[in-house]
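Worksheet for the structure shown next.
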Amino acid sequence: MTRETLNASVPKKLEIPYRIEVLKVVSGINHIPPADLVAVAVDWFLRGGKPTPDEMLPPWNTYVGPGTPEDVAQAEDALQERFIDREQLKWQTPSALQLGQRLAMYRVMNRLTKVPVGDIVTVAVDRWLRVMQY
């Protein structure tokens, strides 16, 4: 499988890398790289992400967790803050998903050209993790 780099700057307070690691451990899917989980999350979002894991194809609909920690802010709220501590997500995602191209098209089609791609990735991954209850 060929891969392309997905670079996104995400708010630290959302603890996205940590929540992905918890998902891997709790679900028993340690063999799946974090980049592939991010790819699934962004792909899910770009396809119109449904609000429940029941709408996901197996085996993804079985990886539901114990619930999103209450102290994790909503992505949309975190992104509204004036100063945000950020961390880089630099992961190699499957190029067949064409995430870079699809994210660019999403920005144009939704008139979000002034919104950084990292913010869209942040919302996508945070929403997916919440649907998966992490």
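A few remarks follow.
- When residues of segment 6-27 are limited to those that are surrounded by fewer than 18 Cβ atoms within 10 Å (Cβ to Cβ) and out of contact with any helix residue (DSSP H, G or I) (no Cβ under 8 Å at 6 or more places or on another chain), the one nearest to Glu81 (Cα to Cα): Lys12
- Answer residue from segment 28-52, given it is free of Cβ contacts under 8 Å to residues at least 40 places away in the same chain and open to solvent by less than 30 Å² (accessible area, probe 1.4 Å) and is farthest from the chain's Cα centre (by Cα) among those: Ile29
- Test: Thr113 is hydroxyl-bearing (Ser, Thr, Tyr), touching a Lys or Arg at 6+ places or on another chain (Cβ under 9 Å) and open to solvent by 30 Å² or more (accessible area, probe 1.4 Å): yes
- Thr68 being in contact (Cβ under 8 Å) with a residue 24 or more places away in the chain, in a loop (DSSP other than H, G, I, E, B), of a type in the set (S, T, N, Q) and surrounded by 13 or more Cβ atoms within 10 Å (Cβ to Cβ): yes
- Members of segment 47-67 that are farther than 23 Å from Val25 by Cβ and of a type in the set (Gly, Ala, Ser): Gly48, Gly49
- Failed item, numbered, when Trp128 is tested on (1) open to solvent by less than 90 Å² (accessible area, probe 1.4 Å); (2) in contact with a strand residue (DSSP E or B) (Cβ under 9 Å, 6 or more places away or on another chain): (2)
- Yes/no for Met56 being out of contact with any Gly (no Cβ under 6 Å at 6 or more places or on another chain) and open to solvent by 100 Å² or more (accessible area, probe 1.4 Å): no
- Any chance Ala104 is out of contact with any helix residue (DSSP H, G or I) (no Cβ under 9 Å at 6 or more places or on another chain) and part of a helix (DSSP H, G or I): no
- Residue tally, condition of a type outside the set (Val, Ile, Thr) and at pLDDT 90 or above, over segment 36-62: 10
- A search for C-beta distances below 7 Å between a residue of segment 71-90 that is surrounded by 11 or more Cβ atoms within 10 Å (Cβ to Cβ) and any residue that is in a loop (DSSP other than H, G, I, E, B) and modelled with pLDDT of 90 or more, counting only pairs 6+ apart in sequence or on different chains, returns Val72/Glu15.
The values are calculated or read from the model by the stated rules, or taken from the named source; none is laboratory data. Please read these numbers as outputs of a predicted model, since none were measured by experiment. Note that we place each Cβ from the backbone using ideal geometry, even for glycine, and neighbour counts take in every protein chain shown. These accessible areas exclude ligands, DNA and RNA; they are computed on the full protein's heavy atoms, side chains included. Shrake-Rupley method; radii C 1.70, N 1.55, O 1.52, S 1.80 Å.
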